[in-house]
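Peer 1: Sending over a structure as structure tokens; questions will come in a sec.
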Amino acid sequence: MPVKVSVIVPVYNPGAYIEDCISSLLRQSLPPDTYEVIFVDDGSTDDTPGRLDELAAADPRVTVVHQENSGWAGKPRNVGIAASRGEYVMFVDNDDHLGDEALERMYDYGVANGADVVVGKMAGQGRGVPVELFRRNHPRATVESAPLIDSLTPHKMFRRAFLDRIGLRFPEGRRRLEDHVFVTEAFLRADNVSVLSDYVCYYHVRRDDDANAGFQRFDPVGYYKNLREALDVVERYTEPGPLRDRLFRRWLRVEMVERMRGKRLLAMPPDYRRELFREIHSVVVERFGPGVAAGLQPTQQVVAALIAADRYDDVEAFAEWEAGIVLKAVPEGIEWADGTLQVSFAAEYHAGGAPLTFGARGGGDPLQAPPKDVTEAIAWVGADTVSRFGSATADLLLRRRSDAAQYFQPVQFTRETVPTEDPGRFRLMLRATATVDPAAAAEGAPLAGGLWDAVVRVKLGGWTKECRLAPAPRAERPTVPAGVVAGRVVLPYWTARHLSLALDVDRASRTLGLGRVVPESVTATDDRLSAPVPLYVPHATDVLVRLTARGRALDANGTLSPAPDGSGALLTAALPALVMGGATWRAALVPAPDAAQQRVLALPFALRAGAHGVQVRRTPRPGVLRRLGRKAKVLLRARRR
């Protein structure tokens, strides 16, 4: 069959970090005879060349090309393009990995939309990835209609014929930002770019040894020389005006201003900070007109103006002020309603352990000149933040702890100006309610099993910040029972380490509260069982009651229904006649009988038929060693949380 996708992986001394990459490539859902994997070994000196040769000998999908070290990833990628046979080529780094369905989904999406470039949703494991770009799918995207320019890493799918038609290849040699040059030109010259956001395709991983190329300290002179080449591409394919300014703004914001802000600047050695500042200053005054900085957020405008004015000391002082500003979000309510979890919270910025307050009104205009000092800069930022409060936003994301996959949840919010005891001063607060639907919370798909952290994201003034959703110290933590929704068992809980909200999906058992069911509340007859359980269900749900005794197991069809008094759920089941046999039958709940892997939740009671009918007894306690083993598992699970 024709090759649909060629995956190109530049390789240099990855060691064991390449194993996750290899595994994910061989697990792809795309039929094996429709894709190929080309590893280009760039002169590795570890055991990787032998490992790859063995892999190629065992798997016809795999090809290995060995070459002398070229110094960077550009040449290996070009060599991979030359060796490829696929309709599309996909670039993957040797320490990253793909979602199991990434190639199939991205290829099908690209073909359906006639895309020259397909951008798949990314998850950052210790690394930053675009967030706003993946808020929704973009079947037809351009640099004008979507924030494509926020995603300049090469980890995308490109139509091979498109690359050949425009003669696009990566710059080669030991250099930085070769991906910026390549991807920017691809975005600007493609007939169509498609962004797939409803499935995590690419996992961008920070290695434990911090050996990723992007985390190595760079030579500022060489780095910004290479950055100018990306700016040259923009100038070559755009006209002077708002679009060019908007594209240039990406490099001013990400590669310059953000390196000179807050904790990021202060974490650098002082001499390196100044060296970096000098190179950034030279690019700003050489390449950027006033329209570039004018579209930045207010805090970024201040830093850009101070950079252009060559005032490093003020940049550093402003960074010290910004470093103390944090986002805090506190829960105000959590409840189940109509099969969804309603999470209410209030969010605002803090400084020095107290809410940030504002006094100045007005503002909203671009900064016309550099502030005369840091005090004036802070005052201008405050006034501008107040003027922009009408566009402030709050979001709730669910982020899976195992792989950093994240999804926006529907949110409704209000903006409130809260007076303080200081006359003329006030706080800017966002109050929001997020709706988490376990059946559709992952871009329309059900939440997968695992632990999900609730993350609040706020855009206010010159900041976009994230934080965990955690109650204030000594404040009451709202609690709700676990819910059985859409075949999932969802337990909202507060983490032990951060006291922040998380969801346990299809993992918890002993922490669900089923142990609180007492035998006296359970009713059992010769053919019927009824028991109240501390679970939420939105409506009558089919379940199983599993009875086990003497190595035998019987499944009884049952129903989990909302309790009439709203206190939880009522479990009812028709008991099989075989229970009448003199044995003691332990009871368990199977909440999703049709699931591929059934979950079995132990109930704290057992049934035994006698002369006077069915007796309900508490389940016999396990032996000492078994109890100790369970406690050890609970402690280990708590540490992981």
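The values are calculated or read from the model by the stated rules, or taken from the named source; none is laboratory data. None of these values were measured; they are calculated from a predicted model. Cβ placement follows ideal geometry from the backbone for every residue including glycine, while neighbour counts extend to all protein chains displayed. Note: accessible area is taken over every heavy atom of the protein model, side chains too, but ligands, DNA and RNA are not part of it. Shrake-Rupley method; radii C 1.70, N 1.55, O 1.52, S 1.80 Å.
Peer 1: If we only count strands (runs of 3 or more DSSP E) wholly inside segment 1-100, which ones have 3 or more residues that are out of contact with any Leu (no Cβ under 8 Å at 6 or more places or on another chain)?
Peer 2: 5-11, 35-42, 62-67
Peer 1: Considering only residues that are of a type outside the set (Lys, Arg) and over 24 Å from the mean Cα position of the chain (by Cα), look in segment 246-262 and name the one that is farthest from PHE277 (Cα to Cα).
Peer 2: Here the answer is LEU247.
Peer 1: Being of a type in the set (S, T, N, Q) and crowded, with 17+ Cβ neighbours inside 10 Å is the requirement here; does GLN67 meet it?
Peer 2: No: the conditions fail for GLN67.
Peer 1: A further question follows. For the structure I just gave you, tell me whether GLY74 is in contact with an Asp or Glu (Cβ under 6 Å, 6 or more places away or on another chain), touching a residue at least 12 places away in the same chain (Cβ under 8 Å), within 30 Å of ASN226 (Cα to Cα) and of a type outside the set (Asp, Glu).
Peer 2: It is true that GLY74 is in contact with an Asp or Glu (Cβ under 6 Å, 6 or more places away or on another chain), touching a residue at least 12 places away in the same chain (Cβ under 8 Å), within 30 Å of ASN226 (Cα to Cα) and of a type outside the set (Asp, Glu).
Peer 1: If you don't mind, there's one more thing I want to ask. Restricting attention to segment 1-45, report how many residues are touching a residue at least 40 places away in the same chain (Cβ under 8 Å), of a type in the set (Asp, Glu) and surrounded by 20 or more Cβ atoms within 10 Å (Cβ to Cβ).
Peer 2: Within segment 1-45, residues that are touching a residue at least 40 places away in the same chain (Cβ under 8 Å), of a type in the set (Asp, Glu) and surrounded by 20 or more Cβ atoms within 10 Å (Cβ to Cβ) number 1.
Peer 1: Another question about this same structure. Please work out which residue is surrounded by the fewest Cβ atoms within 10 Å (Cβ to Cβ), limiting yourself to segment 116-136 and to residues that are closer than 22 Å to LEU168 by Cβ and among the hydrophobic types (A, V, I, L, M, F, W, C).
Peer 2: Per the criteria, the residue is LEU133.
Peer 1: Please tell me if GLY363 is closer than 15 Å to THR385 by Cβ, small (Gly, Ala, Ser) and either open to solvent by less than 20 Å² (accessible area, probe 1.4 Å) or not in a helix (DSSP H, G or I) (or both).
Peer 2: Against the criterion (closer than 15 Å to THR385 by Cβ, small (Gly, Ala, Ser) and either open to solvent by less than 20 Å² (accessible area, probe 1.4 Å) or not in a helix (DSSP H, G or I) (or both)), GLY363 qualifies.
Peer 1: Considering segment 427-449 alone, what residues qualify as being modelled with pLDDT of 95 or more and either touching a helix residue (DSSP H, G or I) at 6+ places or on another chain (Cβ under 7 Å) or not aliphatic (A, V, I, L, M) (or both)?
Peer 2: Within segment 427-449, ARG427, LEU428, ARG431, THR433, THR435, ASP437, PRO438 meet the criteria.
Peer 1: When both residues are 6+ apart or on different chains and their Cβ atoms are under 8 Å apart, which pairs have a first residue that lies in segment 102-130 and is over 19 Å from VAL3 (Cβ atoms) and among the aliphatic types (A, V, I, L, M), and a second that is part of a helix (DSSP H, G or I) and open to solvent by less than 50 Å² (accessible area, probe 1.4 Å)?
Peer 2: From segment 102-130, the pairs are VAL119/LEU133; VAL119/LEU148; MET122/PHE134.
Peer 1: Just give me the residues in segment 494-523 being open to solvent by 70 Å² or more (accessible area, probe 1.4 Å) and either in a strand (DSSP E or B) or under 19 Å from ARG468 (Cβ atoms) (or both), in sequence order.
Peer 2: ALA496, ARG497, HIS498, LEU499, THR523
Peer 1: Taking into account only those residues within segment 467-486 that are over 30 Å from THR541 (Cα atoms) and open to solvent by 70 Å² or more (accessible area, probe 1.4 Å), which is modelled with the highest pLDDT?
Peer 2: Across segment 467-486, the extreme among qualifying residues is ARG468.
Peer 1: A further question follows. If the Cβ limit is 6 Å and pairs must be 6+ apart or interchain, which residue in segment 141-163 that is more than 20 Å from TYR199 (Cα to Cα) pairs with which residue that is in a helix (DSSP H, G or I)?
Peer 2: These pairs meet every condition: VAL143/ILE149; VAL143/PHE187; ILE149/LEU247; ILE149/ARG250.
Peer 1: Let me ask something else. Among the residues of segment 228-245, which ones are open to solvent by 40 Å² or more (accessible area, probe 1.4 Å) and within 16 Å of HIS180 (Cβ to Cβ)?
Peer 2: Scanning segment 228-245 gives ARG228, GLU229, ASP232, GLU235, ARG236, TYR237.
Peer 1: How many residues are more than 26 Å from ALA347 (Cα to Cα) and of a type in the set (Lys, Arg) if we restrict to segment 365-390?
Peer 2: 1
Peer 1: Looking only at helices (runs of 4 or more DSSP H) that fall completely inside segment 252-341, which ones have 1 or more residues that are small (Gly, Ala, Ser), within 18 Å of GLN368 (Cα to Cα) and touching a residue at least 40 places away in the same chain (Cβ under 8 Å)?
Peer 2: Answer list for segment 252-341: 290-294, 298-308.
Peer 1: Which one of these does ALA439 not meet: (1) open to solvent by 60 Å² or more (accessible area, probe 1.4 Å); (2) outside any strand (DSSP E or B); (3) not β-branched (Val, Ile, Thr)?
Peer 2: Failed condition: (1).
Peer 1: Search segment 568-584 for residues being at pLDDT below 90 and not in a helix (DSSP H, G or I), and hand back the single one that is nearest to HIS539 (Cα to Cα).
Peer 2: For segment 568-584, the residue satisfying everything is LEU575.
Peer 1: Which one of ASP542, ASP565, ASP555, ASP526 is part of a loop (DSSP other than H, G, I, E, B), touching a Leu at 6+ places or on another chain (Cβ under 9 Å) and either hydrophobic (A, V, I, L, M, F, W, C) or on the phi < 0 side of the Ramachandran plot (or both)?
Peer 2: When all the criteria are applied, what remains is ASP526.
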